[in-house]
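Comments concern the structure below.
The values are calculated or read from the model by the stated rules, or taken from the named source; none is laboratory data. Remember, it's a predicted structure, so these values are computed and weren't measured experimentally. Don't worry about glycine lacking a Cβ; one is built from the backbone with ideal geometry, like all the others, and counts go over all protein chains shown. Calculation scope for accessible area: heavy atoms of the full protein, side chains included, ligands and nucleic acids excluded. Shrake-Rupley method; radii C 1.70, N 1.55, O 1.52, S 1.80 Å.
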Amino acid sequence: MSHWIIAPVVLPALAAALMVIAFRARLAAQRLVSLAAILALNGIALALLAAATTGGPQAYFLGDWPAPFGIVLVLDRLSALMLALLAGLALPVVLYAIGSGWDRKGAHFHPLLMFLLMGIGGAFLTGDAFNLFVFFEVLLIASYGLMVHGGGEARTRAGLQYVAFNLMGSALFLFALGLIYATTGTLNMADLAQKLPALPEGDAALLRSAAVMLFLVFAIKGALVPLQFWLPGTYANAPGVVAALFAIMTKVGAYATLRFSTLVFPPDLPATALILPTLLLPAALVTLALGAVGTLGARTLPRLAAFAGIASMGTVFLGLAQFTPTATTAALYYLLHSTLATALLFLLSDLVSRRRAHLHLDRPAPVAQSGLTAAVFLAAAIALAGLPPLSGFIGKLLILDAWRDQAALIWPAVLISSFVMVLGLSRAGSLVFWKASDQPPPPAPAPEPLAIAATFALLAGLVALTVLAGPVTGWLSTTAESLFAPQAYIDANRLEAAP
């Protein structure tokens, strides 16, 4: 199984190269290659998930160079989970892109999609901090190309803002890596976990500075207040199918925060013990509040979906902020839910834009063939707001339970934000689907069976996550416990473990 660990990185790269070299002007062939690669990626991700479940962490040493001198990819339960989520989301996204014709509106949609999958998959698998930076840059370049897919002034302007913020994060990342390497002589994360506790007292200030800079980088990626400014405009102006895939890109920031806070900068490391608990909880609460208020004031459905994504990231970081296995289990469950629910709302926003005279929520307009779309929107709204019976309710209930010792602070924040999101989503739904309008309905769009099937696939994922909440949370609980006891992960990287 160890050689399959590199497949989620190599497979999309090979598929992208094949499309660019051999099928540059043949969209049908690109669609076939893209769909085949994503189906294969789903199979590989499920196999890796099964291997991580039944066995311990496994390392893949590129070029047979042992850690910490060479590049290493590490498969454990968390990275396998994120890979499965990535592959599972990519399939309905590519089906929607093909079914709606979005991949016709600009050049190289499918190669860019493959490079984005390569960057995100590599970020989940890498066991080296510098290669995490490299994969961040790969996904940044690919996501910018997808962001401006189809052109347009507003989209290009939002794309430039997106790149500017993320380049600032890249610079901070490099500074942080330079400080860490100067003080420890390594950037392998498992090696850092062993060396940082023995770091001399005089290097503690440098280590704290590096930890703060890394946290700021992950906050940018995760759209955490006050570094969330790039997300509403970027996601609202991106093509709906691209924004749906971007729903997992913010989770890269949450993943990196969780990985570093349990492995490299654990809560018992004296030099950095108080940094993340001090910064993360208030930032998560403000992010949750800002996202909820944003859904109430959004003037278009894509912008509403973007603010709902911000609120969901606030909820995920709220679970991570406690730094306990119980709260981390809740955060991981909500991460799975919010990725699917946010992607679903972005796809629905695109469907509505094809059936409605305009996108503005400040005035009603008829929607052609609105019945099925309205029903799916209702389900998506219930999920995002955290109402029963869908998985959003279960996820928020788990987070509330994890914060019982601080219920006076956390519970009102979560419950009030959920109520505000109910108001915002209800307002949007009534204006889009139910409020009367004197305008004639727009012409009915051509049948889009693949696009409709993609939205139902995401909704089915939410239903499955709800029905299987017991087994899923049990599996996630074991995953969270392994993160807070990382010795097996460290052992997989040992020099003598190299193949």
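Could you say whether any residue in the stretch 138-148 is of a type outside the set (S, T, N, Q), within 23 Å of the chain's Cα centre (by Cα) and either at positive phi or not in a helix (DSSP H, G or I) (or both)?
Scanning the stretch 138-148, I find at least one residue that is of a type outside the set (S, T, N, Q), within 23 Å of the chain's Cα centre (by Cα) and either at positive phi or not in a helix (DSSP H, G or I) (or both), so the answer is yes.
Assess whether A40 counts as being open to solvent by 40 Å² or more (accessible area, probe 1.4 Å), small (G, A, S), within 22 Å of A488 (Cα to Cα) and assigned to a helix (DSSP H, G or I).
It is false that A40 is open to solvent by 40 Å² or more (accessible area, probe 1.4 Å), small (G, A, S), within 22 Å of A488 (Cα to Cα) and assigned to a helix (DSSP H, G or I).
From A254, A243, A271, A210, which residue is touching a Leu at 6+ places or on another chain (Cβ under 8 Å), within 26 Å of L81 (Cβ to Cβ) and either modelled with pLDDT of 85 or more or open to solvent by 10 Å² or more (accessible area, probe 1.4 Å) (or both)?
The match here is A254.
Exactly one condition in (1) over 26 Å from F23 (Cβ atoms); (2) of a type outside the set (F, W, Y); (3) within 23 Å of the chain's Cα centre (by Cα); (4) open to solvent by 10 Å² or more (accessible area, probe 1.4 Å) is false for R155; which is it?
(1) is the only condition that R155 fails.
Tally time: how many residues in the stretch 188-207 are in a loop (DSSP other than H, G, I, E, B) and surrounded by fewer than 17 Cβ atoms within 10 Å (Cβ to Cβ)?
Matching residues across the stretch 188-207 total 1.
Which one is nearest to V252 (Cα to Cα), of the residues in the stretch 55-88 that are in a helix (DSSP H, G or I), out of contact with any Ser or Thr (no Cβ under 7 Å at 6 or more places or on another chain) and modelled with pLDDT of 90 or more?
Per the stated criteria, the residue is M82.
Whether any residue in the stretch 391-400 is open to solvent by 30 Å² or more (accessible area, probe 1.4 Å), closer than 20 Å to A343 by Cα and modelled with pLDDT of 90 or more is what I want to check.
Yes: one or more hits.
Quick one: is L172 under 23 Å from R208 (Cα atoms) and open to solvent by 10 Å² or more (accessible area, probe 1.4 Å)?
Considered against the rule, which asks whether it is under 23 Å from R208 (Cα atoms) and open to solvent by 10 Å² or more (accessible area, probe 1.4 Å), L172 comes out as yes.
Condition first: open to solvent by 30 Å² or more (accessible area, probe 1.4 Å), in contact with a His (Cβ under 9 Å, 6 or more places away or on another chain) and not hydrophobic (A, V, I, L, M, F, W, C). Can you find one or more residues in the stretch 52-60 that meet it?
yes
Give the residue, chosen from F135, F165, F130, that is modelled with pLDDT of 90 or more, open to solvent by 40 Å² or more (accessible area, probe 1.4 Å) and assigned to a helix (DSSP H, G or I).
Just a single option satisfies the conditions, and that option is F130.
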